[in-house]
C-alpha cells in the first residue's frame, strides 16, 4: 500500500450536513419556469460565495463541498473550529433563506475523513441521521457532544470577538439546534441590514400561505414561522402572519 493511502485516516472533526429542501422540484421546474431557473442559479452562486468567504476567514481547517442538493462542511474538533463552523452553518442557512431556499440539517462531532473529493465517517452518518430521521422541521439539529462543547469556557473564549457569537438553543420538543435567527438581533451583520431581515420574514410568510393545501408542508413552515416570531417579537419587528390572521 502506498504512503499516500496510508496517510488517509479519520480525525475528530465537527461536520454539518445540510439538505436543500425542495431542490429536486426547483430543478424540475427550472426548465419551464424562469423564476425557478433564477432561484436555482442564485442558490448555486450563493453556496459558492459562502465557501469562498469562509475559506478566507480564520478557521481551523474549514472544508466544504456540495453534492447535488446537499452541502457538507467540516472543521477540526477544536473550540475555534466549532465557533467557525456554527457561524458558517448559520450564514449558509440565512443566505439561502433570503432567496427562498429552506434548509434542514444535522451537526455532529466524531471521526471523519474529509478531502476535496470524499467525505465519510461515523460523524457524517450521525449528522445525516439527525437531518433525515429526527429534524423534521427546517432546522439544523445538533448532537449531544457538540451541544456539550458549546457550553464550555473554551468555546466562549473562542467566540470572543464575534459581533454575535453563534448560538445553540433547545427546541420545545427537546433537541438542541443551531439558533440561526439569533443572528438577526444585529442588522449590521447583514449586507443590507433590516432590508435583508424583512426579506426573510416575507419569504417565510409567502411560503407558509402557499402551503395551506399541503398539511405536511404547512406543519414544517408553521414551526419555522413560530420560531421566527419568537425572536422578532423581542425587537418589535414585523411578524409572520398566519393564513387565518389574513383571511
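What follows is calculated from the coordinates using simple rules that are stated; it is not laboratory data. No experiment lies behind these values; they were computed from the predicted model shown. Note that we place each Cβ from the backbone using ideal geometry, even for glycine, and neighbour counts take in every protein chain shown.
Observations on the structure shown:
- Relative contact order (%) - segment 78-147, alpha-carbon pairs under 8 angstrom, separation at least six: 33 percent
- Quotient of Cα Rg and 2.2 N^0.38 Å for segment 56-120, N being how many residues it contains: 1.12
- Considering only Cα atoms, the convex hull volume of segment 90-202 works out to 139 Å³ per residue.
- Virtual spin-label span in nm between residue 210 and residue 154, 7 Å along Cα→Cβ: 4.5 nm
- Just so you know, the Rg over Rh for segment 151-243 is 1.02, from Cα atoms, with Rh as the Kirkwood radius.
- Here the label points at residue 235 and residue 70, each 7 Å from Cα along the C-beta direction, are separated by 3.3 nm in the simple model.
- Gyration tensor verdict on segment 190-247 (Cα atoms; rounded if a/c is under 1.5, prolate if a/b is larger than b/c, oblate otherwise): prolate
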